[in-house]
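Inspection log for the structure reproduced underneath, given as structure tokens.
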Amino acid sequence: MSILTDFQQVKPFYDVVVIGSGLGGLTCANKLGSIGYRVLLVEQHHQLGGLAAWFKRGDHIFDVSLHGFPHGMIKTCRKYWNREIADRIIRLKHIRFINPQFQLETTYDRENFTRILVEHFRVDPDTVERFFTTARAMNFYDNHSLKIKELFDRFFPGRNDVARFLLEPITYANGSTLDEPAITYGIVFSNFMNQGVYTFEGGTDLLIRLMTDELLKNKVDILPRFRAEKLLIKQGRIEGVYLSSSRSGKNGGRCLVSCRSVCSNGSLLGTIYHLAGQEHFKEDYLEQAGKVRINNSSCQVYIAIKKDSDIPFIGDLIFYSESGEFTSESLLEMHTKSRTFSVYYPSIRPGRLPRYFIVSSTNANYRDWEGLTPSDYKAEKNTLIENTLLSLEKLIPDIRRRVCHLEAATPKTFERYTLHWQGASFGTKFEGLKVSTDMSFQIAGLFHTGSVGIIMSGWLGAINYGIITSNEMDKLLKKNAS
Ligand SMILES: Cc1cc2nc3c(=O)[nH]c(=O)nc-3n(C[C@H](O)[C@H](O)[C@H](O)COP(=O)(O)OP(=O)(O)OC[C@H]3O[C@@H](n4cnc5c(N)ncnc54)[C@H](O)[C@@H]3O)c2cc1C
């Protein structure tokens, strides 16, 4: 029930070892700890949170993935974390689109979207109503053959501008493209349309601190800076986890922790092929796993504003693009003309020094970055920063004068800090969900949770999936105990 600093403090036996402290892993560990299981949470990084990450530069704190999530997060956090966390979730009301096809501001909810679709895009109100009803009615058990582009063609034929308005933010939010099953769009879009876009007041650092307090209260042992290397599997059943630490001296080394079950919050394919080893899985499962596509990665540019300077209010979240038309592919290009700006005003961290910062995010392909020489990699990072500033100048003309710190992250950065294959920002594509949920039918006691399958993705999806997995683990542990 504490943050452990070396493996001598690790107990010889746990009911559950959770590998990875992303939002899915944290939630799963917390739920199982709260109902009395002996839980060890292992994280290879020194900081908990996974992609729910932050970092400090001087007295600036940058959030990596705190751009927006749906209203459902309030209920989920109240139910599965605590009221203090839930009460800090606040709405972002100024969402802007700036591109050659249209420029508008929205509160990003169904009522406002309906008005914009009817008044700005001149779509027939009945069509809009039917579109929303269709998207809302989609669920996981539906036929998955309908593609997003077919859904849009059915309701808004020939309207690339409408497709851009409806899909661009969701493509940033979970990697959906026009060729993805429509259900992956319908569920996530409807979640946002329910009541808009929300953020966490206080920043990711506070969120993870509050979650850590809750884990400790629920007697979860937390072991940062230890990496799960291999699972001990005997006769198709989990028996333990080999851990290693990069720390030097007596705090470092390798150890085996015995346990009844494991929840991996790391890369889905990494769990199958590296942690477990494919020899433990049946042929047909491996065949399915072989078809799982990794989701795309991201690039970000972190922009801090000098402490004696500020910026005008330009909106909270800005979907900015200089591309004449919307295509899913163009969002992924290395030198894309499309990016989102998340603007953090001092109100995001009340009580701290009043600081402004901006995070620019673009979707990205790992393959564009992986093979670069060190000097080309550095040059491409500089190009990314420069292109970002060129776009931002259109919103704040003298931005360069106000900036005190600029830094870029690439797919390789995300890979390095989370061990996600290809630096995936949102786990896998849709087909990953079934492979993830079926893992426990292959190896008794081995579960997976975290961002997979587009729906179970993002902050809300990862937390909800953490709860679903903890319930499955609880069932198994109870069954084995009786
Ligand atoms: C740039 C960017 C912006 C984003 N913006 C948003 C947003 O605005 N809203 C939103 O809802 N979502 C956003 N997301 C997505 C969201 O952050 C993720 O979907 C979610 O945080 C993933 O949680 P997870 O449970 O899958 O775990 P992850 O965050 O993927 O964490 C997995 C953890 O497991 C650890 N780990 C892996 N292997 C091992 C091992 N062998 N041993 C020990 N530890 C291990 C890793 O170090 C990591 O801490 C964004 C993502 C990115 C990259």
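The values are calculated or read from the model by the stated rules, or taken from the named source; none is laboratory data. Just so you know, these numbers come straight off a predicted model, no measurement behind them. Cβ: placed from backbone, ideal geometry, glycine included. Neighbour counts: every protein chain shown.
Within the range 331-354, how many residues turn out to be closer than 30 Å to Gly202 by Cα and surrounded by fewer than 20 Cβ atoms within 10 Å (Cβ to Cβ)?
Residues in the range 331-354 being closer than 30 Å to Gly202 by Cα and surrounded by fewer than 20 Cβ atoms within 10 Å (Cβ to Cβ): 9 in total.
For the range 450-462: of the residues being in contact with a strand residue (DSSP E or B) (Cβ under 8 Å, 6 or more places away or on another chain) and not in a loop (DSSP other than H, G, I, E, B), which is farthest from the ligand (Cβ to nearest atom)?
The qualifying residue farthest from the ligand (Cβ to nearest atom) is Val452.
Find all pairs meeting these conditions: Cβ atoms under 6 angstrom apart; at least six residues apart or on different chains; first residue within the range 55-67 and over 17 Å from Phe200 (Cβ atoms); second residue surrounded by fewer than 21 Cβ atoms within 10 Å (Cβ to Cβ) and at pLDDT below 95.
Asp59/Leu353; His60/Arg355
Within the range 295-310, work out how many residues are away from the ligand (no atom under 16 Å from the Cβ) and either modelled with pLDDT of 95 or more or part of a strand (DSSP E or B) (or both). Break it down stepwise before answering.
Let us first name the residues in the range 295-310 that are away from the ligand (no atom under 16 Å from the Cβ), namely 304-310.
Next, only the ones that are either modelled with pLDDT of 95 or more or part of a strand (DSSP E or B) (or both) stay: 304-306.
The number of residues fulfilling the criteria is 3.
For Ile95, are the conditions met, namely being under 23 Å from Val301 (Cα atoms) and surrounded by 22 or more Cβ atoms within 10 Å (Cβ to Cβ)? Reasoning before the result, please.
Working: under 23 Å from Val301 (Cα atoms): yes; surrounded by 22 or more Cβ atoms within 10 Å (Cβ to Cβ): yes.
When the stated conditions are applied, Ile95 passes them.
Could you please give the count of residues in the range 178-211 that are under 22 Å from Tyr356 (Cα atoms), among the small types (Gly, Ala, Ser) and out of contact with any Asp or Glu (no Cβ under 6 Å at 6 or more places or on another chain)?
Qualifying residue count, the range 178-211: 1.
Quick one: in the range 46-67, of everything that is of a type outside the set (A, V, I, L, M, F, W, C) and part of a loop (DSSP other than H, G, I, E, B), which residue is nearest to Leu317 (Cα to Cα)? Outline the logic, then answer.
Within the range 46-67, the first condition is being of a type outside the set (A, V, I, L, M, F, W, C), and the residues that meet it are 46-47, 49-50, 56-60, 63, 65, 67.
Okay, now just the ones that are also part of a loop (DSSP other than H, G, I, E, B), so 46-47, 50, 58-59, 65, 67.
Working: His46: 30, Gln47: 27, Gly50: 23, Gly58: 24, Asp59: 23, Ser65: 13, His67: 7 Å.
Residue satisfying both the conditions and the ranking: His67.
Could you say which residue among Arg164, Arg96, Arg115 is assigned to a strand (DSSP E or B) and either without any contact (Cβ under 8 Å) to a residue 24 or more places away in the chain or among the basic types (Lys, Arg) (or both)?
Working: Arg164 fails: assigned to a strand (DSSP E or B); Arg115 fails: assigned to a strand (DSSP E or B).
Within the list Arg164, Arg96, Arg115, the selection yields Arg96.
Kindly indicate whether any position in the range 206-222 is touching a residue at least 12 places away in the same chain (Cβ under 8 Å) and over 27 Å from Tyr14 (Cβ atoms). If you could, list the steps in order and put the result at the bottom.
Filtering the range 206-222 down to residues touching a residue at least 12 places away in the same chain (Cβ under 8 Å) leaves 206-208, 210-212, 214-216, 218-222.
Within this subset, residues satisfying the condition of being over 27 Å from Tyr14 (Cβ atoms) are 206.
The answer is yes, given that some residue of the range 206-222 is touching a residue at least 12 places away in the same chain (Cβ under 8 Å) and over 27 Å from Tyr14 (Cβ atoms).
Just checking, which of Tyr377, Tyr465 is within 13 Å of the ligand (Cβ to nearest atom) and either assigned to a helix (DSSP H, G or I) or in contact with a helix residue (DSSP H, G or I) (Cβ under 6 Å, 6 or more places away or on another chain) (or both)?
Details: Tyr377 fails: within 13 Å of the ligand (Cβ to nearest atom).
After applying the criteria, what remains is Tyr465.
For a quick check of your reading of the model, give me the residue pairs whose first member lies in the range 419-434 and is within 18 Å of Trp369 (Cα to Cα), whose second is outside any loop (DSSP other than H, G, I, E, B) and more than 11 Å from the ligand (Cβ to nearest atom), with beta-carbon atoms closer than 6 Å and at least 6 apart or on different chains.
Trp421/Leu269; Trp421/Ile294; Gln422/Ile294; Gln422/Tyr366; Gly423/Tyr366; Ala424/Ile294
Which residue, of Glu431, Glu415, is surrounded by fewer than 19 Cβ atoms within 10 Å (Cβ to Cβ) and either within 26 Å of Phe192 (Cα to Cα) or within 16 Å of the ligand (Cβ to nearest atom) (or both)?
Numbers: Glu415 fails: surrounded by fewer than 19 Cβ atoms within 10 Å (Cβ to Cβ).
After ruling out the rest, the residue left standing is Glu431.
Could we say that Thr410 is hydroxyl-bearing (Ser, Thr, Tyr), at pLDDT 95 or above and either within 14 Å of Ala304 (Cα to Cα) or loosely packed, with under 12 Cβ neighbours inside 10 Å (or both) here? Write out each step before concluding.
Values: hydroxyl-bearing (Ser, Thr, Tyr): yes; at pLDDT 95 or above: yes; either within 14 Å of Ala304 (Cα to Cα) or loosely packed, with under 12 Cβ neighbours inside 10 Å (or both): no.
Judged against the criteria, Thr410 is not a match.
When you scan the range 418-428, do you find a residue that is surrounded by fewer than 24 Cβ atoms within 10 Å (Cβ to Cβ), outside any strand (DSSP E or B), within 15 Å of the ligand (Cβ to nearest atom) and among the aliphatic types (A, V, I, L, M), even just one?
So far as the range 418-428 goes, yes, one or more of its residues are surrounded by fewer than 24 Cβ atoms within 10 Å (Cβ to Cβ), outside any strand (DSSP E or B), within 15 Å of the ligand (Cβ to nearest atom) and among the aliphatic types (A, V, I, L, M).
Filter the range 32-61 down to residues that are within 11 Å of the ligand (Cβ to nearest atom) and under 30 Å from Ala304 (Cα atoms), then give me how many there are.
Of the residues in the range 32-61, 11 are within 11 Å of the ligand (Cβ to nearest atom) and under 30 Å from Ala304 (Cα atoms).
For Phe447, work out the one condition from (1) within 12 Å of the ligand (Cβ to nearest atom); (2) among the aromatic types (Phe, Trp, Tyr); (3) buried (at least 23 other Cβ atoms within 10 Å of the Cβ) it doesn't fulfil.
(1)
Which residue, of Thr373, Thr388, Thr327, is surrounded by fewer than 19 Cβ atoms within 10 Å (Cβ to Cβ), of a type in the set (S, T, N, Q) and more than 20 Å from Gly175 (Cβ to Cβ)?
Details: Thr388 fails: surrounded by fewer than 19 Cβ atoms within 10 Å (Cβ to Cβ); Thr327 fails: more than 20 Å from Gly175 (Cβ to Cβ).
Sole residue among the options that is surrounded by fewer than 19 Cβ atoms within 10 Å (Cβ to Cβ), of a type in the set (S, T, N, Q) and more than 20 Å from Gly175 (Cβ to Cβ): Thr373.
Name the single residue, out of those in the range 282-313 being of a type in the set (A, V, I, L, M) and under 25 Å from the mean Cα position of the chain (by Cα), that is farthest from Leu384 (Cα to Cα).
Step one: list which residues in the range 282-313 are of a type in the set (A, V, I, L, M), which gives 286, 289, 292, 294, 301, 303-305, 311.
Within this subset, residues satisfying the condition of being under 25 Å from the mean Cα position of the chain (by Cα) are 289, 292, 294, 301, 303-304.
Details: Ala289: 34, Val292: 30, Ile294: 23, Val301: 8, Ile303: 12, Ala304: 16 Å.
Going through the qualifying residues, I end up with Ala289.
Considering each residue of the range 67-90, count those that are within 17 Å of the chain's Cα centre (by Cα) and of a type in the set (S, T, N, Q), and give that number.
Matching residues across the range 67-90 total 1.
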